[in-house]
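Input: a single structure, listed below in structure tokens.
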Amino acid sequence: MHVFYVLFQECSKKQKNDDTQSTSVDALSSNDGFEEKNEFHTLANAKVLLSDCLACDNCMTSEEGARVFQQNQKELFRILNLNKKCDTSKHKVLAVSICPQSLPYFAAKFNLSVNDAAKRLCGFLKSLGVHYVFDTTIAADFSILESQREFVQRYQRRNQEEHALPMFASACPGWIRYAERVLTNLVTSHICTAKSPQQIMGSLVKGYFARQQNLSPDKIFHVIVAPCYDKKLEALREDFYTALYNSQEVDCVLTSGEIVQIMEQKNVSMKDVTEVAVDSLFDEIKEGDVVRHDGKRSDGYLEHIFKYAAKELFGMDVKEITYKALKNKDFQEVTLEKDGETVLRFAAAYGFRNIQNMVLKLKKGKFLYHFVEVLACPGGCLNGKGQAQTEDGKPDKALLNQMEEVYAAIPVRLPETNMHVQKMYQDWLEGMDSKKVQETLHTKYSAVNQTASSLDIKW
């Protein structure tokens, strides 16, 4: 869901959604001085729609706005053209990391298997001049593992710490932005401190991979391909910036739809592109077949944390999880019973209406859940506004159904079974309980610009 951006205090989401024409803001281009014509000069400037706003209430500064608007295809091509010039001191190693929820979009749109889609997307990006193409599943491995461990620790401290439970997932930047800018510390203190897969991937590329390649982080230009626009703003967070190298962990985020626009600009179809194996962070190894985590439309935080907590806290092996839909299909709960007592109660809350209802219950002290997987987009990450949308901005339901089928068919790999992850914990992160793990894989969320009327928004 867009987190972009009304510039007035009173939210008028419903009114804007009913309008036949959405307001837009032209990009404040960072390339005003870059006038040289090149093969990419006809790409449109990025535009940010003010419809479908999630986190309103003056939530973006003008500086943030200018930097978000820079994250478009032209910024990628600025680096590509910079690399063609003779001054090698200004060249960048271009790395692109692809989110798992983007691959089903390319597979469904071009009628390919998900493995073929991954290889052809890699081939296309490398034909542009990209040096490395990575899969972010390994970053989600780290994020899930850290979230699992944090939940168990919070559960064990629940009687000593007021805000230990419930724990809210931290992977969705639309939810995080809303929580920090509109809600109070009563809510933000419940958010898991594990970084999102995107930002852990930033740490892996600018930290681990840079060291392996003997590169300074600022010599790498790191692009994420993601399902939603909110990821662009997430990349700009101050806590994801390294002052020593004047470098963000993620330099630019492009949506899946923006990549398709580049293909259309170059008159290229995915079916015409040569297949190239996706790169690995480890030496010359290439990635094998695409894998995913448990979960129907997301990285599966709920399912992984639920099974882990059942085992660690209650010695119970849960093989299959049964979801119970409550008010709607985007608010579902999962419970664990032992000796006739409900010992774990988890929920999945997708879409803003469910999020707001959840927060109201928390405020009133009527919250029964130990953990909630919170996602801003109804239907989850596959339904991100950066993909599977029709020209009028509505969900392409037929394409989305195909994407869900593709995603469900991808084999599941448990993060605990990834030997590369286990090795990196020891060799790179100095052990699972080290200070470096906290510095590299975790962050802190806290309320800013609190408003007394934030929960009076009419949706």
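Miscellaneous remarks
- Taking every residue in the range 280-293 that is under 17 Å from MET201 (Cα atoms) and pairing it with any residue that is in a loop (DSSP other than H, G, I, E, B) and open to solvent by 60 Å² or more (accessible area, probe 1.4 Å), at least 6 positions away or on another chain, the pairs with Cβ-Cβ distances below 6 Å are SER280/GLU287; VAL291/PRO411; VAL291/ARG413.
- Test: residue in the range 97-110 that is part of a helix (DSSP H, G or I), assigned by the TED database to the domain that holds GLY202 and surrounded by fewer than 24 Cβ atoms within 10 Å (Cβ to Cβ): yes
- Strands (runs of 3 or more DSSP E) (entirely within the range 322-429) containing at least 1 residues that are out of contact with any His (no Cβ under 7 Å at 6 or more places or on another chain) and either surrounded by 16 or more Cβ atoms within 10 Å (Cβ to Cβ) or modelled with pLDDT of 95 or more (or both): 331-338, 341-350, 371-375
- For the range 119-136, filtered to residues that are in a helix (DSSP H, G or I) and in contact with a strand residue (DSSP E or B) (Cβ under 7 Å, 6 or more places away or on another chain), the residue that is nearest to ALA409 (Cα to Cα) is LEU121.
- Among the residues making up the range 282-310, a single one is open to solvent by 40 Å² or more (accessible area, probe 1.4 Å) and among the hydrophobic types (A, V, I, L, M, F, W, C): ILE285.
- Any hit, the range 356-369, residues being more than 24 Å from ARG177 (Cβ to Cβ) and in contact (Cβ under 8 Å) with a residue 12 or more places away in the chain: yes
The values are calculated or read from the model by the stated rules, or taken from the named source; none is laboratory data. What you see is a predicted model; the values in this text were computed from it and never measured. Cβ: placed from backbone, ideal geometry, glycine included. Neighbour counts: every protein chain shown. Side chains are part of the model used for accessible areas, which takes the heavy atoms of the whole protein and leaves out ligands, DNA and RNA. Shrake-Rupley method; radii C 1.70, N 1.55, O 1.52, S 1.80 Å.
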